[in-house]
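Before any comments, here is the structure.
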Amino acid sequence: MKDAQTSATTHPRALAVFMSGQPGLGKSVLADKLAREFGLYHFERDAMKHGIEYTAGARGERSKTIVPVYFAAIERLAGLGISLVADGTLYRDKAAEQLTPITQVADILVIHCQSRSARERLFERERQIHGLDLKSDQTYLDHMAWVDTMTAAPLDLPYPTLVVDTDTPDYTPSLVEVCDWISGHRQTKLKRPDYRLDTSRVE
C-alpha cells in the first residue's frame, strides 16, 4: 500500500484559489459560492481557527499557530490532489513567502475583492456578529489603517489575479464571469457538478 506522500505524486496538480482584499468585504461568501459552483473544497480560515481553539479548550489559545497551520494545511491538501478555494486574508508583506511552497503542488489563482464601503461593511459585521461598536475605538482604527495598507490594493504576486467589486449583488465582473475566468486558467476545464437532489433516495 502506497503512503500518502507517494500517492500525492500521482495526482495532477491541484488548483488553489485564494481570496485577497480587506476584511469584511464578503471574501468568505464569494469563496463559498465559487466552491459550490465547481464542487471544490471551501477551506475556511475561521472554521480552522475555531477548530484549533476547540482543541486547546479556550478562545485565543495557540493563536500564533493559526497562520502557519492555515497555509501548511492548504499545502498538504493540495499535495494530495485536493483542489480548493481558501478565504483567509492575504497580507502584502507575507503572501509571497506563504504561497511559494504551495506552488510546488498546486496552480494558484488569486481573486482580489474590493469595495468602496469596505470599512462600513466591516463595522456592521462586527456589530451584528459580536455586538461591538468599533467606530470610536481608536486603537482598533489605527490597527485597521495598517491592515488597509497591507490588503486594500491588489497584491504584487506572480499569479493570475482577478479584481472583483463586491459592492454589487452579483459582483463586477459577475459570478459567471469569475467562474469562466477560473476555468480559463486550467488546461483541463473544470466541470461544474450537477447537485440536483435525487428524490428517489430521500426517505
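Side notes on the structure shown:
- Among the residues of segment 148-187, those that are hydrophobic (A, V, I, L, M, F, W, C) and part of a loop (DSSP other than H, G, I, E, B) comprise Ala152, Ala153, Leu155, Leu157.
- Qualifying residue in segment 179-201 (condition: of a type in the set (Gly, Ala, Ser), within 17 Å of the chain's Cα centre (by Cα) and either surrounded by 10 or more Cβ atoms within 10 Å (Cβ to Cβ) or at pLDDT below 70 (or both)): no
- Out of Ile82, Ile74, one residue alone is over 19 Å from Ala95 (Cα atoms) and at pLDDT 95 or above. It is Ile82.
Table: residues versus (1) β-branched (Val, Ile, Thr); (2) surrounded by 16 or more Cβ atoms within 10 Å (Cβ to Cβ); (3) not in a helix (DSSP H, G or I).
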| site | (1), (2), (3) |
| --- | --- |
| His42 | no, yes, yes |
| Asp46 | no, no, no |
| Lys49 | no, yes, no |
| Thr55 | yes, no, no |
| Tyr70 | no, yes, no |
| Ile74 | yes, yes, no |
| Gly88 | no, yes, yes |
| Leu109 | no, yes, yes |
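- Hey, Thr10 surrounded by fewer than 16 Cβ atoms within 10 Å (Cβ to Cβ), modelled with pLDDT of 95 or more and hydroxyl-bearing (Ser, Thr, Tyr) or not: no
- Test: residue in segment 108-126 that is farther than 17 Å from Leu25 by Cα and at pLDDT 80 or above: yes
The values are calculated or read from the model by the stated rules, or taken from the named source; none is laboratory data. Just so you know, these numbers come straight off a predicted model, no measurement behind them. Every residue, glycine among them, receives a Cβ derived from its backbone with ideal geometry; neighbour counts consider all protein chains shown.
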